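Structure first, then comments.
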Amino acid sequence: MRAIIIALTALPLLTGCISAVKTVVTAPVKAVGQVADWTTTSQDESDRNRGREMRQREEQLGKLSRQRDKAAEKCRDGNEEQCQRAEVLEHEIEALMAAPR
């Protein structure tokens, strides 16, 4: 009878131990899962990154095109240096468009 009373009295203390054991046992599994999340790229993340790259590329193309157009306009006004600049910018645009995406 005395052993039952001691066991019942110790029961609340054991639940904390069981919880701690559960935490220690599941921690490595959770850590491996977190590392896997950090090292892999989901399809959603991949799509988002691809979209960002495409927008940046389009912005760069737009910037180069505007610079080329301004240089070409100044070239038509007789500025030889701007003619060369327009040609260089045209080559940059072509290279950017030919680059793998």
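All other residues whose Cβ lies under 12 angstrom from that of Leu64 are scored, Lys and Arg at +1 and Asp and Glu at -1, for a net of 0. Label-to-label distance, Arg52 versus Arg66, with points set 7 angstrom from Cα along the beta-carbon direction: 2.3 nm. With coordinates expressed along the principal axes, the C-alpha atoms belonging to the range 51-101 extend over 40, 15, 10 Å, beginning with the largest. Ordered by the count of other Cβ atoms within 10 Å of each Cβ, fewest first, Asp77, Asp47 give Asp77, Asp47.
No lab work stands behind these numbers, since they all come straight from the coordinates. All values reported here derive from a predicted model rather than from experimental measurement. Cβ atoms come from the backbone with ideal geometry, glycine included; neighbour counts cover every protein chain shown.
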